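Each reported figure results from applying straightforward, stated rules to the coordinates on display, with no laboratory input. All values derive from a computational prediction rather than experimental measurement. As a convention, Cβ positions derive from the backbone with ideal geometry for all residues, glycine included, and neighbour counts pool all protein chains shown.
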Ligand code: IPE
Ligand code: IPE
Ligand code: MG
């Protein structure tokens, strides 16, 4: 990860009145990005991975403390085997090549999603990266890989039952604490690239009051300027949480 001012255009932006504490990104559109260039889908996924390395310094630069990225859903197993294998290979390569650099830049890496079903070699690398970076505080980076919101809720319910928590003691906090994002604030802003207006099973519990921002830009083209635009839109949103007056946390 480059230092913030070494990346992108280096252009200065007008200050933002509110910076979200937690931004989540549905990194969609790799395949269409490739198709539009006459390339295969694999090239799109490689460009998407490359783009993540460019966007992370901008996230730090804008002062966002928590970022969650949707990299592979529980439904993505339904894609052709070759594509699934490629995506698994890309996450493994990211772990190999980026963990040290992220660590040096104060990034705390966390995996959210199921580890069951993932190759043990990748699970071991995820655990290594989590262990190495667990005390870092500049940015918490949640990587949603083999993640599905419904699977996450199922796992939370199983854990609650297994702990023998009496039904009358179960409330929204209990469930939130048993999700893989337990202990973190809900996302304030969810960005989806690629233009589709849906959650695709991403953070379905945590998104209850998130602001949603969709851009038609495909993920490999989503850069520092695009992130600023999303943050600017967020700063202009009025969050009411069901009340009449706007509330700002
Ligand atoms: C997002 O890009 C990456 C993953 C879902 C793993 P897609 O592969 O979904 O790209 P499109 O939506 O087909 O363009
Ligand atoms: C969502 O994108 C999952 C990720 C970005 C990892 P998809 O491309 O899988 O979503 P759908 O199938 O269009 O809803
Ligand atoms: Mg897609």
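Please label the shape of the chain as rounded, prolate or oblate, based on the square roots a ≥ b ≥ c of the eigenvalues of the alpha-carbon gyration tensor (a/c under 1.5 means rounded; beyond that, a/b larger than b/c means prolate, else oblate).
Cα axes put the chain in the rounded bin.
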Original post:
In which sequence would 205, 77, 33 go, from the one with the fewest C-beta neighbours within 10 Å to the one with the most?
Top reply: 77, 205, 33
**OP:** Please order 245, 125, 229 by the number of other Cβ within 10 Å, starting at the fewest.
**Re:** 245, 229, 125
**OP:** Run the numbers on the stretch 19-233 and let me know its relative contact order in percent, using alpha-carbon pairs under 8 Å that are six or more apart.
**Re:** 31
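With the Cα gyration tensor of the stretch 61-144 in hand, give its eigenvalues times 5 under a square root as the equivalent ellipsoid semi-axes, listed largest first in whole angstrom.
Working: eigenvalues 112, 38, 25 Å².
Here the semi-axes work out to 24, 14, 11 Å.
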Original post:
Once you put a point 7 Å from the Cα of residue 138 and another 7 Å from the Cα of residue 13, both along the Cβ direction, what distance in nm separates them?
Top reply: 1.8
Original post:
What relative contact order, as a whole-number percentage, does the stretch 99-170 give when Cα pairs under 8 Å and 6 or more residues apart are counted?
Top reply: 41
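By how many nm would the segment from residue 161 to residue 243 grow when fully extended, if each residue of separation counts as 0.36 nm and the alpha-carbon distance is taken off?
Details: separation 82, 0.36 × 82 = 29.52 nm, distance 3.36 nm.
Contour length minus Cα-Cα distance gives 26.2 nm.
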Original post:
Rounded to two decimals, what ratio of Rg to Rh does the stretch 126-241 give with C-alpha atoms and a Kirkwood Rh?
Top reply: 1.01
**OP:** Could you let me know the centre-to-centre spacing of the stretch 208-249 and the stretch 27-105, using Cα atoms, in angstrom?
**Re:** 21
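Which FRET efficiency, nearest 0.05, do residue 77 and residue 225 yield, Cβ-Cβ r, R0 35 Å?
0.55
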**OP:** Provide Rg over Rh for the stretch 118-191; use the alpha carbon set for both Rg and the Kirkwood Rh (inverse mean inverse pair distance).
**Re:** 1.01
Subject >> Value of [θ]222 nm, deg cm²/dmol, for the chain, DSSP H segments ≥ 4, -39500 (n - 2.57) each, nearest 500 >> reply: -13000 deg cm²/dmol
Original post:
Going by the alpha-carbon gyration tensor, a ≥ b ≥ c the square roots of its eigenvalues, is the stretch 1-121 rounded (a/c under 1.5) or, if a/c is not under 1.5, prolate (a/b greater than b/c) versus oblate?
Top reply: prolate
Original post:
In what sequence do 75, 163 fall when counting other Cβ within 10 Å, fewest first?
Top reply: 163, 75
